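The values are calculated or read from the model by the stated rules, or taken from the named source; none is laboratory data. Since this is a predicted model, take the numbers as computed values, not measurements. In this analysis, Cβ positions are derived from the backbone assuming ideal geometry, glycine residues included, and neighbour counts consider all displayed protein chains. The area values use the complete protein model at the heavy-atom level, side chains included, leaving out ligands, DNA and RNA. Shrake-Rupley method; radii C 1.70, N 1.55, O 1.52, S 1.80 Å.
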Amino acid sequence: MSTCSSSSSSGSWNSTKAWIVHGIVAGVAVAVAIGARVYLGQTKKFRSRVVGIIPARFASSRFQGKPLVQILGKPMIQRTWERAKLASTLDRVVVATDDERIRECCHSFGADVVMTSESCRNGTERCSEAIEKLEKKYDIVVNIQGDEPLIEPEIIDGIVKALQEAPDAVFSTAVTSLQLEDAWDPNRVKCVVDNSGYAIYFSRGLIPFNKSGKANPQFPYLLHLGIQSYDTKFLKIYPELQPTPLQLEEDLEQLKVLENGYKMKVIKVDHEAHGVDAPEDVEKIESLMRERNLS
C-alpha cells in the first residue's frame, strides 16, 4: 500500500514538475516574444524625428552676403531651402541665422527661421543653438549647407538613413568622387574612410598623399560634400568640446568630432559638387542650371 502511495506521489510530483517546467518555458517564450516586439518597436522608431537646419550668415569672410546672392532670379538660400523641402526623411526645414536681412528674405518665401547669436563659430554650433530654440524635439539634425543650391534630396535622405542604421555613430556625412582638377584646391575638402564606411580623416590637402608628390589618376580620391547629420544628444554637447589641434590647423569642424573619439558614418554618392565658395562660382552655377533647364 505504501509502495503504491509512494509511486502515486512520485508520479504526481513528476507531473507537477513537468507543468512547472512547461510554465517556465512558456513564460520565457512569452517574455522573449514581448521583448522582441519591444526591441523591434524601438528599432523601428530609432532616431525617427528629423529636422533639417540651414545655417546662414551674412558676414562671410570669403563672400559677404552669400546667402542672399541671386541665382537665376532667386536668392541662393531660397534655392537651397526648396531643394531640402523635397527630402522625404525631413519632418521640418528651418533656416538658422544671426542676420535680420536673411530672416526677412526667408520669411518672404515662406521659410521658418530661428535667430541665433553672432558668436557661433561654425554651422554645427549654429545648428546646436537652433535646436534648443525649437519647440518640438528631434532625434536627428541635418546640417544643410546653404551654399549648395543644387543639393539632391536623395543625399539628405541617404545620410539620415545611414545615421539611423548606425547606432554607434553620432554623425553622418556624404562623399563623392574627387575630380583631379580639384586635387589641390583647399576649398574642396578630401576624406578617407575605413572598410566599414566610417571616417578616418578629413583634409584640405590631398589625402592619401603618395611619395611621388603627384595626384594618382587611378586612385579613387573622395570629396566631402559638406552636408552632415548629427544625433541630437551629441549635437547638444558639441559646443562644450574644446577646439582640437587638427580642427584648428585644417579649419574643419568634423575633425573635432573624430579627435574626441566619436564615430562618423560616411556614404558615397554619385554627385557633382556645385558649391558657391566665391562670387565667380555664381556664373558657373547659373550656366549649369540653364544647361539642365532648372529654373
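Only protein atoms count toward the accessible area here, which uses a 1.4 Å probe; on segment 45-292, the carbon and sulfur part of that area reaches 48 percent. Potential lengthening of the chain between S108 and Q64 amounts to 13.8 nm, from the contour at 0.36 nm per residue minus the alpha-carbon distance. In segment 201-269, one over the average inverse separation of all distinct C-alpha pairs is 14.0 Å, which is the Kirkwood hydrodynamic radius. Write down Rg/Rh for segment 45-292, rounded to two decimals, with Rg from the C-alpha atoms and Rh from the Kirkwood relation over Cα pairs. Answer for segment 45-292: 0.94. Return the lysines within reach of K256: Cα separation strictly under 21 angstrom, same-chain partners fewer than 8 residues apart disregarded; answer none if there are no such residues. Within reach: K190, K233, K236, K265.
With one equal scatterer per alpha carbon and no solvent term, the Debye-computed log10 I(q)/I(0) for segment 159-295 at 0.10 1/Å reads -0.38. Based on C-alpha pairs under 8 angstrom that are at least 6 apart in sequence, segment 146-295 has a relative contact order of 33 percent.
Straight Cα distances below 26 angstrom link K74 to the lysines K66, K85, K284, with same-chain residues fewer than 8 positions distant left out. The residues of segment 113-208 present an accessible area of 41 Å² per residue when probed at 1.4 Å with all protein chains retained. Full extension of the chain segment joining R101 with F219 gains 38.0 nm, where the gain is 0.36 nm per residue of separation less the Cα-Cα distance. Rounded to the nearest 20 debye, the dipole size of segment 85-172 about its Cα centre is 180 debye, using +1 on the Cβ of Lys and Arg and -1 on the Cβ of Asp and Glu.
Its alpha carbons give segment 48-128 an Rg and a Dmax of 12.3, 36 Å. Extending 7 Å from Cα along the Cβ direction at E154 and again at K74 yields two label points whose distance is 2.0 nm.
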